[in-house]
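Peer 1: Before anything else, here's the structure in question.
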Amino acid sequence: MEKELKGNNPVKTLKKIEEFIIPFNPPVQAFEKSIRNTPFRILISILLSSRTKDTVTKGASKKLFNIADTPEKMLKIGEQKIKELIYPVGFYKRKAKNIYEICKKLIQIKKVPDNFIELTNLPGVGRKTANLVLSLAFNKPSIAVDTHVFRISKRLGWANGKKPEIIEQELKKMFPEIFWNKINQTLVGFGQTVCKPQKPLCNICILKKDCPYNIQKKDK
Ligand code: SF4
């Protein structure tokens, strides 16, 4: 396991990161602001965002919602049109199919579910998407572990798991529930701008003196 962050107080560290990244304007912040809308639009935008840059998702969501912003309207325009409108998001063919199937289900159940089990029963909705929807659409405490949260939690010595669901549990034990919804946005923003996957900008990082990953790197 990575050594722990020196003087590790995860809540304080999270707050430090949150303030530190403000001047960097992480794309995730503009994206999440832009999708705060109905639970349906939030769900679809999050689905579109997987493996896609936030700026591309933002454009695709706008094009799609200008034409269809309810399950009924999506079914009316059909899968082919959805595909055309969301292009060039990653896996746009599969996503168009999933969106179409989700809309059929939502019409049957009459709402976007506000619980993890029902959300993950929707086509193409996995653990990360469900947690993000719970957090952004329903303000329910949850932690979505994406690639940034996964990597940074390990670099900081907060978590050691090899799978996102294990990291999620480790973070849930470490942070009081009131902070769960902050973790994804803060670490994604940090990962997009400073603690990047390749060549993290440790020399300008506020955590550089105490970060186990940076200390280990220097020791090598
Ligand atoms: S010091 Fe480097 S590895 Fe550690 S948190 Fe900062 S950018 Fe990431």
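The values are calculated or read from the model by the stated rules, or taken from the named source; none is laboratory data. On a predicted model such as this, the values are computed, not experimentally measured, just so you know. Positions of Cβ are backbone-derived with ideal geometry, glycine not excepted, and every protein chain shown enters the neighbour counts.
Peer 1: Looking at the structure I just gave you, is Val149 outside any helix (DSSP H, G or I) and either polar (S, T, N, Q) or without any contact (Cβ under 8 Å) to a residue 60 or more places away in the chain (or both)? Please lay out each step first, then the result.
Peer 2: Numbers: outside any helix (DSSP H, G or I): no; either polar (S, T, N, Q) or without any contact (Cβ under 8 Å) to a residue 60 or more places away in the chain (or both): yes.
Criteria not met by Val149.
Peer 1: Would you confirm whether any residue within the range 170-190 is of a type in the set (Ser, Thr, Tyr), within 28 Å of Asn37 (Cβ to Cβ), within 16 Å of the ligand (Cβ to nearest atom) and in contact (Cβ under 8 Å) with a residue 60 or more places away in the chain? Walk me through it before giving the result.
Peer 2: First, the residues of the range 170-190 that are of a type in the set (Ser, Thr, Tyr): 186.
Within this subset, residues satisfying the condition of being within 28 Å of Asn37 (Cβ to Cβ) are 186.
Now narrow it down to the ones that are within 16 Å of the ligand (Cβ to nearest atom): 186.
Among the residues that remain, those that are also in contact (Cβ under 8 Å) with a residue 60 or more places away in the chain are: 186.
Yes.
Peer 1: From the set of residues in the range 172-194 that are aliphatic (A, V, I, L, M) and buried (at least 22 other Cβ atoms within 10 Å of the Cβ), which is nearest to the chain's Cα centre (by Cα)? Can you show your working first?
Peer 2: As a first pass, look at the range 172-194 and keep what is aliphatic (A, V, I, L, M): 174, 178, 183, 187-188, 194.
Subset that is buried (at least 22 other Cβ atoms within 10 Å of the Cβ): 183, 187-188.
Values: Ile183: 10, Leu187: 9, Val188: 7 Å.
The selected residue is Val188.
Peer 1: May I ask you to list the residues in the range 36-50 that are part of a helix (DSSP H, G or I) and under 15 Å from Gly124 (Cα atoms)?
Peer 2: Residues of the range 36-50 part of a helix (DSSP H, G or I): 39-49.
Across the range 36-50, the qualifying residues are Phe40, Ile42, Leu43, Ile44, Ser45, Ile46, Leu47, Leu48, Ser49.
Okay, residues lined up against (1) among the hydroxyl-bearing types (Ser, Thr, Tyr); (2) buried (at least 22 other Cβ atoms within 10 Å of the Cβ); (3) not assigned by TED's automatic domain parsing to the domain that holds Ile166:
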{"residue": "Arg51", "(1), (2), (3)": "no, no, yes"}
{"residue": "Asn66", "(1), (2), (3)": "no, no, yes"}
{"residue": "Lys73", "(1), (2), (3)": "no, no, yes"}
{"residue": "Tyr100", "(1), (2), (3)": "yes, no, yes"}
{"residue": "Lys105", "(1), (2), (3)": "no, no, yes"}
{"residue": "Gly126", "(1), (2), (3)": "no, no, yes"}
{"residue": "Ala130", "(1), (2), (3)": "no, yes, yes"}
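Peer 1: Additional query: For the range 198-220, give me each residue that is in a loop (DSSP other than H, G, I, E, B), closer than 27 Å to Lys128 by Cβ and within 10 Å of the ligand (Cβ to nearest atom). Quick ask: steps written out before the conclusion?
Peer 2: Taking the range 198-220 first, the residues in a loop (DSSP other than H, G, I, E, B) are 198-201, 205-211, 220.
After this cut, where a residue has to be closer than 27 Å to Lys128 by Cβ as well, the list is 198-201, 205-207, 211.
Answer for the range 198-220, where residues must be in a loop (DSSP other than H, G, I, E, B), closer than 27 Å to Lys128 by Cβ and within 10 Å of the ligand (Cβ to nearest atom): Lys199, Pro200, Leu201, Cys205, Ile206, Leu207, Cys211.
Peer 1: Look through the range 151-163, keep the residues that are within 18 Å of Leu132 (Cβ to Cβ) and surrounded by fewer than 21 Cβ atoms within 10 Å (Cβ to Cβ), and return whichever of them is nearest to the ligand (Cβ to nearest atom).
Peer 2: Applying the first criterion (within 18 Å of Leu132 (Cβ to Cβ)) to the range 151-163 yields 151-153, 163.
Okay, now just the ones that are also surrounded by fewer than 21 Cβ atoms within 10 Å (Cβ to Cβ), so 151, 163.
Details: Arg151: 9, Lys163: 21 Å.
Among those residues, the one meeting the criterion is Arg151.
Peer 1: With respect to Asn139, is the statement that it is on the phi > 0 side of the Ramachandran plot and either assigned by TED's automatic domain parsing to the domain that holds Ile42 or modelled with pLDDT of 95 or more (or both) true?
Peer 2: Details: on the phi > 0 side of the Ramachandran plot: yes; either assigned by TED's automatic domain parsing to the domain that holds Ile42 or modelled with pLDDT of 95 or more (or both): yes.
Yes.
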